[in-house]
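The structure appears below as structure tokens.
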Amino acid sequence: MERTHRVRRRVAATVCAAALVLPLTACDALTPGSAAAVPGPRSVPSSTAVPDGDTTLRLQFADAPLMVDALIAAFEKGHPNISVEPQYKTFSDYVQNLKLTMTSDTAPDIAQYAVGMTDLAADGHILDLAPYREAYDWDKAIPPVSLDQLTAGQTSEATGGRALFGVPAGLSMTGIYYNKELAKKAGIDGPPKTVAEFEDQLAAAKNADLTPLGVGALDSGGLHLWAALLNQLMPTDDYWDWVNGTKGATIETPAAVTASKMVIDWGRKGYYNDSANGTAQVDSTAQFAKGDSVFLINGNWAAGQLATVMGDNVGFFPMPGEKASAPTVASGFSVSYAVSSRTEHPEAAGAFLDFLTTPEAGQIISDNGFMPPNPDAVKKPEGVLADIAEGHRRAVADDGITTFPDFAAPAMLDRLRSGVQKLIANRIDPSDYLDSLQDEWEEHHAE
Amino acid sequence: MPSRPPVQQPPDVRVRTTEVRVQSQAPRRRSPYRGYVYVLPAFAIYFCFAVLPALHTAYLSLFEWDGVTLGDWVGLGNYQEIFQDSILRRSVLNALVLVVFFSFIPIVVGLAMTGLLARFRRPGMGAYRFLFMLPQVVPLVAVGVTWRWLYGDDGLVNQTFRAVGLDGVTRAWLGDFGAALIAVGLVGTWVLSGLCMMLFLSGVQKVDPSLYEAARLDGAGPVREFVSVTLPHLRGEIAVAMTVTTVAALASFDIVYVTTNGGPGEQTTVPGLLVYRLAFSEGKVGLAAALAVVLGCLILGIVYLINRLSRSES
């Protein structure tokens, strides 16, 4: 009995020791990440000529499958020797696996641009498209501001100018929807010209016993509201510096404090739906469509649904500035596509990206509820879609499309979401909230 | 009740096992390693799929790694960060509050239901068991989505309050700073009460019916009978239920992720959710691994404590 016990203990000890020592002795090879080769910055070739012969491109994406199918069909018609194979993933799956997918040997040729792409671009896992920007003259077809969102904060080694890591198909933008019937009931006669006027309208709606503003703060509706106010108060360049991680940038500014205070004040005055913090964005949209609130903060992605349900009863305006003469500034991004540096067909991928900038593609994008990069090339939309197109046109003209604040760091989305929830419930001081954001920012941009 | 199997079976079995043991003494002495050979297949699988990944996690926790590029060795730095981060500490506290709802209340409810259902065997017992077991069969994500609707603005919970005139109580339960954690906890109570009841009911069936008969002859009422006969016999099952439900509370993820995603603020943030977020969306794999190791140790410690307590009592 004693002997077996000893043997058992000895075996157990050996196994444990082996398990501990094995990985440690081979430390170098086992350092996490050592298997992924870092190709370093790489760009597309200077030639745009697509080689002869049949080519298949694999395209992985997470948004608007119907639009992608239609785009592919139209592209293949014009390029019979290139076929594009779409691989759809749900958004959360896509984002979570993005880094693994793009660093694997089986990376797709083309992939939808998402938050993690900045790191991938820095390590050379996606191609710098700057040479094609010049060769295809994309600046003519796409507002430069939309391309400048896709530089990953880098300079192109190939052209010396700004790098480019994606080409946008549909563009997006946030703003305020309003229910025309309810607005009239509250004595509101049209979109406000200034933030102060908007506040008066919210108060008027409250006095008329209506819920003034629908916010879906359970997920990202709250941060859209905060960012919309911040856009009006903080100089756009400072905001860009912060989101892009420029050295020395900070969100702890008086303007940001004021914006955060406004979110608190509006909550205290009862301007939001009672359960804003427990309502998802989709649900806040559905409630607005039912007539539960006069205004709604959301993005153009909700327009299709609202136009279908509410018809002419819904309108849209970008958050107005402090003065009527202020430029239109709104947060927005794009459904964009990047090219893997592992692709064997960069020229064919370039041809596909160039197709996205054509009027034909623009019409497909517009038909699917997104804003095409080049609005002049498509049929004029109607109703609320026309309001959005007009708002976007003004913002682009004023160089006022900014990215969403969560692009500042991978963990920023969670900080923003929970922070704005606290602002809405008046549970945090604006300075503490901004401090938590800046902490996260500094941690990410420390390297 | 007369159809139950004879009660004398346990002693029989015991006699036979001793015989087997006596017989097997001789060959085992000749080859002390023989036992390990039998264990080897199971051990190999366990080692590859449970021990090795756990060790790998512990190893990763010593690096600062974004999941893609080369990691940096930081030693115990990640652990230091865990104990300094207020959100991480907050999440552990939330998990401990959830233990009340996932473990304590379900066990009390399970015991109460066992007391009601076990005393007499009536036709239709199977139907009850099926109903109370149902929450266990439904995937937790579906449970979460359903409860999100129930707790919603116009959900059944608020409708019920309005119907009885308690309009002042209604709120968006999952978005309310005071109510969110309790609301999430009650979902856990709903899911796990059935499991506890099932465990206890099966435990009660082993109790010798003559004990109940004796208690009744001595004039014990239903409460006395429950306390003096049923409860002591369920000690093992209670320990199992406590272990399973406590682990479910401390390692909870799916219900929280689907209903509140940790909000509002950090009111319902639990360690499991943070491990997931850190590893998959924030690119801090090392920190996530360190948190997972700490969480694992905490769970092992508490489970050890539960087992120790239930053993020393007997």
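Does A:G278 satisfy the criteria of being of a type outside the set (S, T, N, Q) and within 14 Å of chain B (Cβ to nearest Cβ)?
Working: of a type outside the set (S, T, N, Q): yes; within 14 Å of chain B (Cβ to nearest Cβ): yes.
Yes: the conditions hold for A:G278.
Just one of B:M113, B:M133 is in a helix (DSSP H, G or I), modelled with pLDDT under 90 and surrounded by 18 or more Cβ atoms within 10 Å (Cβ to Cβ); which is it? Lay out the reasoning, then the answer.
Working: B:M133 fails: surrounded by 18 or more Cβ atoms within 10 Å (Cβ to Cβ).
So the residue among B:M113, B:M133 that is in a helix (DSSP H, G or I), modelled with pLDDT under 90 and surrounded by 18 or more Cβ atoms within 10 Å (Cβ to Cβ) is B:M113.
Identify, from the list B:G75, B:G71, B:G35, the residue that is on the phi > 0 side of the Ramachandran plot and either more than 14 Å from chain A (Cβ to nearest Cβ) or modelled with pLDDT under 90 (or both).
Selected residue: B:G75, the only one of B:G75, B:G71, B:G35 that is on the phi > 0 side of the Ramachandran plot and either more than 14 Å from chain A (Cβ to nearest Cβ) or modelled with pLDDT under 90 (or both).
Confirm whether B:L291 is buried (at least 19 other Cβ atoms within 10 Å of the Cβ) and either in contact with a helix residue (DSSP H, G or I) (Cβ under 6 Å, 6 or more places away or on another chain) or modelled with pLDDT of 85 or more (or both).
So B:L291 passes the test.
Farther than 22 Å from B:G67 by Cβ and more than 10 Å from every other protein chain (Cβ to nearest Cβ): which single residue out of B:A292, B:A249 fits that description?
On the way: B:A292 fails: farther than 22 Å from B:G67 by Cβ.
None of the other options fit; the residue is B:A249.
For region B:142-156, which residues satisfy the criterion of being closer than 16 Å to B:I255 by Cβ, aliphatic (A, V, I, L, M) and at pLDDT 90 or above?
B:A142, B:V143, B:L150
Considering only residues of region A:182-205 that are more than 32 Å from the chain's Cα centre (by Cα) and not in a loop (DSSP other than H, G, I, E, B), which is nearest to A:G270 (Cα to Cα)?
By that ranking, first place goes to A:A204.
Could we say that B:T269 is closer than 24 Å to A:G116 by Cα and within 14 Å of another protein chain (Cβ to nearest Cβ) here?
Numbers: closer than 24 Å to A:G116 by Cα: yes; within 14 Å of another protein chain (Cβ to nearest Cβ): yes.
Yes; evaluated as a whole, the condition is true for this residue.
Counting just the residues of region A:75-95 that are surrounded by 16 or more Cβ atoms within 10 Å (Cβ to Cβ) and in a helix (DSSP H, G or I), which one comes out farthest from the other protein chains (Cβ to nearest Cβ)?
Here the residue is A:F75.
Restricting to region B:38-68, give me the number of residues that are outside any helix (DSSP H, G or I) and either more than 7 Å from chain A (Cβ to nearest Cβ) or on the phi < 0 side of the Ramachandran plot (or both). Don't jump to the end; show me each part of the working.
Initial filter on region B:38-68 (outside any helix (DSSP H, G or I)): B:61-68.
Checking the rest, the ones that are also either more than 7 Å from chain A (Cβ to nearest Cβ) or on the phi < 0 side of the Ramachandran plot (or both) come to B:61-66, B:68.
Qualifying residue count for the region: 7.
For A:A307, work out the one condition from (1) surrounded by 16 or more Cβ atoms within 10 Å (Cβ to Cβ); (2) closer than 13 Å to A:V215 by Cα; (3) at pLDDT below 90 it doesn't fulfil.
Going through (1) surrounded by 16 or more Cβ atoms within 10 Å (Cβ to Cβ); (2) closer than 13 Å to A:V215 by Cα; (3) at pLDDT below 90 one by one, A:A307 breaks only (2).
Select from region A:152-173 the residues that are closer than 17 Å to A:F333 by Cα and not in a loop (DSSP other than H, G, I, E, B) and write down the one among them that is modelled with the highest pLDDT.
Ranking the candidates gives A:V167 first.
Looking at region A:188-206, which of its residues are modelled with pLDDT under 95 and either more than 14 Å from A:P320 (Cα to Cα) or outside the structural domain of A:V420 (by TED's automatic domain parsing) (or both)?
A:I188, A:D189
In the set B:V275, B:V207, which member is within 14 Å of chain A (Cβ to nearest Cβ), at negative phi, out of contact with any strand residue (DSSP E or B) (no Cβ under 9 Å at 6 or more places or on another chain) and free of Cβ contacts under 8 Å to residues at least 40 places away in the same chain?
Residue meeting the stated conditions: B:V275.
Would you please name the residue that is nearest to the other protein chains (Cβ to nearest Cβ), looking only at residues in region B:142-161 that are of a type in the set (V, I, T) and without any contact (Cβ under 8 Å) to a residue 24 or more places away in the chain?
Taking the candidates together, the pick is B:V157.
Across region A:237-287, which residue is farthest from A:V314 (Cα to Cα) among those that are among the charged types (D, E, K, R) and within 24 Å of the chain's Cα centre (by Cα)?
Top of the filtered list is A:K247.
Among the residues of region B:116-129, is any away from chain A (no Cβ under 14 Å), outside any helix (DSSP H, G or I) and either within 18 Å of B:T245 (Cβ to Cβ) or at pLDDT 85 or above (or both)?
No, every residue in region B:116-129 fails to be away from chain A (no Cβ under 14 Å), outside any helix (DSSP H, G or I) and either within 18 Å of B:T245 (Cβ to Cβ) or at pLDDT 85 or above (or both).
Considering only region A:246-266, state which residues are within 14 Å of another protein chain (Cβ to nearest Cβ) and crowded, with 22+ Cβ neighbours inside 10 Å.
Of everything in region A:246-266, just one residue is within 14 Å of another protein chain (Cβ to nearest Cβ) and crowded, with 22+ Cβ neighbours inside 10 Å, namely A:V263.
Can we say A:D265 is in a loop (DSSP other than H, G, I, E, B) and either under 28 Å from B:W173 (Cβ atoms) or assigned by TED's automatic domain parsing to the domain that holds A:A130 (or both)?
no
Take region B:240-269 and flag every residue that is within 19 Å of the chain's Cα centre (by Cα) and not β-branched (V, I, T).
Hits for region B:240-269 are B:A241, B:M242, B:A248, B:A249, B:L250, B:A251, B:S252, B:F253, B:D254, B:Y257.
May I ask you to list the residues in region A:398-435 that are surrounded by fewer than 21 Cβ atoms within 10 Å (Cβ to Cβ), without any contact (Cβ under 8 Å) to a residue 40 or more places away in the chain and more than 9 Å from chain B (Cβ to nearest Cβ)?
A:D429, A:D432
For B:V191, are the conditions met, namely being within 14 Å of chain A (Cβ to nearest Cβ), closer than 21 Å to B:V137 by Cα and in contact (Cβ under 8 Å) with a residue 60 or more places away in the chain?
No: the conditions fail for B:V191.
If you scan region A:96-151, which residues turn out to be in a helix (DSSP H, G or I), within 14 Å of chain B (Cβ to nearest Cβ) and either under 17 Å from A:Q60 (Cβ atoms) or small (G, A, S) (or both)?
Once the filter is applied, which keeps residues that are in a helix (DSSP H, G or I), within 14 Å of chain B (Cβ to nearest Cβ) and either under 17 Å from A:Q60 (Cβ atoms) or small (G, A, S) (or both), region A:96-151 yields A:Q96, A:N97, A:L98, A:K99, A:L100, A:T101, A:M102, A:T103, A:M117, A:L120, A:A121, A:A122.
The values are calculated or read from the model by the stated rules, or taken from the named source; none is laboratory data. Given the structure is predicted, the values throughout are model-derived calculations rather than measurements. Glycine also receives a Cβ, built like all others from the backbone with ideal geometry; neighbour counts cover every protein chain displayed.
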